[in-house]
Amino acid sequence: MAAHQEKKPSEERNRKSTQNGTRTSQVQWGRAWEVDWFSLASILFLLMFAPLIVYYFIMSCDQYQCCLIDPVIDLLAGNKYLSDIWNKTPTLTYRAAGIYTLWVAFQVFLYVCIPDFCHKFLPGYIGGVQEGAVTPAGVVNKYEINGLQAWIITHVLWFANAYYFHCFSPTIIFDNWIPLLWCANILGYAVSTFAMIKGYFFPTNAKDCKFTGNFFYDYMMGIEFNPRIGKWFDFKLFFNGRPGIVAWTLINLSYAAKQQELYGQVTNSMILVNVLQGIYVLDFFWNEAWYLKTIDICHDHFGWYLGWGDCVWLPYLYTLQGLYLVYHPVQLGTANAIGILMLGLIGYYIFRMTNHQKDLFRRTNGNCKIWGKKPEYIECSYMSVDGTKYHSKLMTSGFWGWARHFNYTGDLMGSLAYCLTCGFDHILPYFYIVYMTILLTHRCIRDEHRCLSKYGKDWKRYTSAVPYRLIPGIF
């Protein structure tokens, strides 16, 4: 759901008041005002089945050694009933509730109470107070960017405990994985429900709210654009970036510790999963200021899709490869391990350099060099809700001349590398690449629909100049 982002195609904005703006839709930001039948059906499906999908995957590992087919066979053959599977599922425990409460409270403390200091001594890192993109109502929110700092502090404490203090076992996350699932669900539903109530009765900015009149759509896709409590606690930035993504690398470390405990060694496949996904997580926090310009912050309202998705879907389904390797340790041959590592690193390079090119282009207003040449671009404009005209440049050279979302192509290469570490004995680890392909393709279409509404004929000129979405010459 969350955690994979695309930079908005609109880059450098020159704000100018105008009385004769271009004929551009003023609903180009955020989700829809009206709900069509397909969107409603999709939302009802996700609300009903997304929690069951997560449970099914985790239960399959716990009770069926990560085989996705065996539970269905057992049920169809009459060997087991749903009640049998449910009764064998670990329940919510006070220990898990305490662990999860302390975890979330600690991340809130790091987010709200400790201003960033990493930007003062890490060259090239942008942290501290930063401005986000303009909202539909014309508001520019400020954010305390301190995710990298929170990640470092959290992991320093984790390793200090593992090697010196021994207050808890490094396998604590794996050992309480299903009870923690119930805690994550409680938080996900609680924050989503609170966000909806807040949007109706005490929104942060009423002009940035959208109501369709359909309860299910508003609950899932959100009403408020940027719900906040106080000056700094921003729901979208916190739940998109913490606690789920900070936990991502801790979860993988706990899986590695469990593998060591069970088998006396950590396999090279588990090391690859930790390294490749760790690079992705660190990249996210190093570029957290850039994240303020992504589709999650700039377009999505905050509802169940982000609230529950970041609490449950992300930490439980994005870490399936490590979980699988606890039950089925895989020791890869040297050639295979090197090949998978190279695929992951090349994918990361494409993902990062594509975004870097766009960011450089935006920051310099096109006065830079991409691959040794001045970048090519298309001039375009659009209008905000308050009648202000904005001007943008859409780059058509570098990686962005190959495909309109080439950063997603690199992302998918990395996602495939994660899955390949697990071999081919089970399909469960490959859910991730299937899901990411669907998610990112849908994001391409969803974002381009917005851009067509936003830029009109300028967007058609852009798609003529860059005809492919993801794979040059194919799609």
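In table form, for the structure just shown:
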| item | result |
| --- | --- |
| Subset tally (residues that are of a type outside the set (Val, Ile, Thr) and either farther than 21 Å from Tyr111 by Cβ or without any contact (Cβ under 8 Å) to a residue 60 or more places away in the chain (or both)) for segment 122-141 | 7 |
| Qualifying positions in segment 259-274 - open to solvent by less than 70 Å² (accessible area, probe 1.4 Å) and assigned to a helix (DSSP H, G or I) | Gln259, Asn268, Ser269, Met270, Leu272, Val273, Asn274 |
| Flag if Thr354 is in contact (Cβ under 8 Å) with a residue 60 or more places away in the chain and either open to solvent by less than 20 Å² (accessible area, probe 1.4 Å) or over 24 Å from the mean Cα position of the chain (by Cα) (or both) | no |
| Long-range neighbours under 6 Å by Cβ, at least six apart or interchain, first residue without any contact (Cβ under 8 Å) to a residue 12 or more places away in the chain within segment 245-274, second assigned to a helix (DSSP H, G or I) and open to solvent by 20 Å² or more (accessible area, probe 1.4 Å) | Val266/Gln260 |
| Residue within segment 320-328 that is assigned to a helix (DSSP H, G or I), under 27 Å from Ser192 (Cα atoms) and open to solvent by 10 Å² or more (accessible area, probe 1.4 Å) present | no |
| Condition check for Glu34: at pLDDT below 95, open to solvent by 30 Å² or more (accessible area, probe 1.4 Å) and of a type in the set (D, E, K, R) | yes |
| Count of residues meeting criterion [charged (D, E, K, R), open to solvent by 70 Å² or more (accessible area, probe 1.4 Å) and within 17 Å of Asn407 (Cβ to Cβ)] in segment 431-470 | 0 |
| Residue satisfying condition, being within 18 Å of the chain's Cα centre (by Cα), under 30 Å from Gly138 (Cβ atoms) and open to solvent by less than 10 Å² (accessible area, probe 1.4 Å), within set Ile251, Ile295 | Ile295 |
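The values are calculated or read from the model by the stated rules, or taken from the named source; none is laboratory data. The structure displayed is predicted, hence computed values, not measured ones. Here the Cβ is made from the backbone with ideal geometry for all residues, glycine too, and neighbour counts use every protein chain on show. These area figures cover heavy atoms from the full protein model, side chains too; ligands, DNA and RNA do not enter into them. Shrake-Rupley method; radii C 1.70, N 1.55, O 1.52, S 1.80 Å.
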